[in-house]
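These notes concern the structure reproduced below.
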Amino acid sequence: MKRLFLVILTVLTLIPLLSSLWASFQEPQIQGRLELYQTNLVLEATEYDRDSAATTSPEGIATLVEQLTGEDPYGNAIKQYESVLESSNTQLDVLNERAATAKAPATAKAIAETTTLIDELHVKLGILYAVNDQISKAKEQWQQIAADDQTYASLIAVLEPLWLEGKASESAVTILGDRLETWFQQQNLQQFFQVIGAEQDLALLQESIQYEAQQAFLKLTVVTILPFSVGIFGFGLLIFLVIQFVRKRQDSLLFADNTAAWETPWDGEIIWQVFIVGFFFVGQLLLPLVLPNLLQSLNLNAASWTVRGKAAYTLATYFMMAIAGILVLVASIWKFRPLPKNWFQIKWLDNWTVWGFGGYMVALPLVLIVSLINQQIWQGQGGSNPILFLALKAQDQVALTIFFMTASVLAPLYEEIMFRGFLLPSLTRYLPVWGSIVLSAFLFAIAHLSLSEVLPLMTLGIILGFVYTKSKNILAPMLLHSLWNSGTLLSLFILGS
């Protein structure tokens, strides 16, 4: 009866799981949007007065700015925006096909959001072309926007005469400073003040541009130079480990044979029970069904909440999922007490910080390389974790603190207990150590319900598994996991700001 119950739960769980994965296949990645945020930072930093910087700033700052922004920042920005525009048009085609077969409110909302995004991209591309003295291409972009567009039609009515004919009315200043990010606003206002001959306003604007350029330079340093430096060190560490493995084999750090396996007193049915009931059933079926209905009965609409409310809801949902999962785990293995050696070990005075930081440094270049390959495979599709976009838009300190608690504290604790603390050692009863690391990493990646993130997350999962296998201390992968998520959140906050 127990096995029949597990089979039924497995089938019930697989339906929403596979449905979510299929839905993610038809969703755009957040990666393209992230790259646009970074592109906007590069554009702002490009305005930095390098001649002034060479005389007033520390030696090498002007050169570093040039290296960060590249030789052709406008051309690179145009290519990046055109790439996202192409993937957004593809996404709109997919949504329209879906709407033709099934009229769902969510699809209609997604179509409206994607259409608005495409119009926004046309507006910005037009400004980029205009600043780059490609006036005819700017006109082509702006002509793609319908005259009755409620969001951007009034802006286009001001932009076209301003950039194409050099004409502007003084009332246009309020429209030019609206809706767009800093660099695009600055370029519009700079052109506007030049056209109307407002030299004093132009001088004040240019001072503001220099200030924003310096801030953009500092942000770029944090999101590019610091990770790059850590990644270079990690790549060197990885090369050292590979050379050591080639020369010493069994005595190397990378070597892991079955002597590293755990003594597992339970069988595959317990593993099945813990993950189907405790992780997937609760997280993918029960909570997604119960919580929305509970909110609806209380006349609450989570979709209309502020980012602070959504952050709190995400934390509460994840906390309930973690508590349920750990309760199922404890109940399932309770009869096997006392557990054999090395199970769920926490050794505070061990070298777990070395393994955690070392694993993070190695993970940075490896996951980056896999992500670059992954982008070529998915071409902007495949979905992303929805928390990423919420964190990107959140400039509320309370909301960011809540997101940090969820992603950098709760998620590493729960997921490392489940995937590295329990699943990986349990699999060593049936598989070699490396096979257990790879399979547990694959399930870890699948559990995030985004097809486009399977390869990068599986790479991260393999490193987490290796760190745990070698350290035999659950604190080491928890630290690595927390560092990874914290770095991601920090980058999102800086880009979103």
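Values computed for the structure shown
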| item | result |
| --- | --- |
| Those residues of the stretch 152-201 which are touching a Phe, Trp or Tyr at 6+ places or on another chain (Cβ under 7 Å) and open to solvent by less than 30 Å² (accessible area, probe 1.4 Å), in sequence order | I156, L159, L162, A172, L176 |
| Selection within the stretch 208-265 - within 21 Å of V354 (Cβ to Cβ), among the polar types (S, T, N, Q) and not in a helix (DSSP H, G or I) | S252 |
| Residue list for the stretch 331-345, filter: open to solvent by less than 80 Å² (accessible area, probe 1.4 Å), in contact (Cβ under 8 Å) with a residue 60 or more places away in the chain and not β-branched (V, I, T) | S332, F336, L339, P340, N342, W343, F344, Q345 |
| The stretch 413-430, residues that are of a type outside the set (K, R) and under 26 Å from the mean Cα position of the chain (by Cα) | L413, Y414, E415, E416, I417, M418, F419, G421, L423, L424 |
| Filter pass, L492 being among the hydrophobic types (A, V, I, L, M, F, W, C) and more than 27 Å from L41 (Cβ to Cβ) | no |
| Positions within the stretch 143-161 being farther than 17 Å from R179 by Cα and modelled with pLDDT of 85 or more, in sequence order | Q143, Q144, P161 |
| Every residue from the stretch 441-497 that is charged (D, E, K, R) and in a loop (DSSP other than H, G, I, E, B) | K472 |
| Search result, residues across the stretch 228-241 that are without any contact (Cβ under 8 Å) to a residue 60 or more places away in the chain and open to solvent by 70 Å² or more (accessible area, probe 1.4 Å) | F228, I239, F240 |
| Looking only at the stretch 296-322, and only at residues there that are of a type in the set (S, T, N, Q) and closer than 13 Å to L400 by Cα, the one that is surrounded by the fewest Cβ atoms within 10 Å (Cβ to Cβ) | T306 |
| Test: residue in the stretch 351-374 that is aromatic (F, W, Y) and over 25 Å from L480 (Cβ atoms) | no |
| Yes/no for F422 being open to solvent by less than 10 Å² (accessible area, probe 1.4 Å), in a helix (DSSP H, G or I) and under 18 Å from F275 (Cα atoms) | yes |
| Extreme residue, nearest to V370 (Cα to Cα), among residues of the stretch 442-455 that are at pLDDT 90 or above and open to solvent by less than 20 Å² (accessible area, probe 1.4 Å) | A445 |
| Unique residue being outside any loop (DSSP other than H, G, I, E, B) and among the basic types (K, R) when the list is K139, K167 | K139 |
| Some residue of the stretch 440-452 being under 29 Å from E44 (Cβ atoms) and within 13 Å of the chain's Cα centre (by Cα) | yes |
| Options V282, V277, V328, V290; residue that is β-branched (V, I, T) and without any contact (Cβ under 8 Å) to a residue 24 or more places away in the chain | V290 |
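The values are calculated or read from the model by the stated rules, or taken from the named source; none is laboratory data. Only a predicted model underlies this, so the values are computations on that prediction, with no experimental measurement involved. Neighbour counts are summed over all protein chains in view; Cβ atoms, including those assigned to glycine, are modelled from backbone coordinates with ideal geometry. Surface areas here come from the heavy atoms of the whole protein model, side chains and all, with no ligands, DNA or RNA. Shrake-Rupley method; radii C 1.70, N 1.55, O 1.52, S 1.80 Å.
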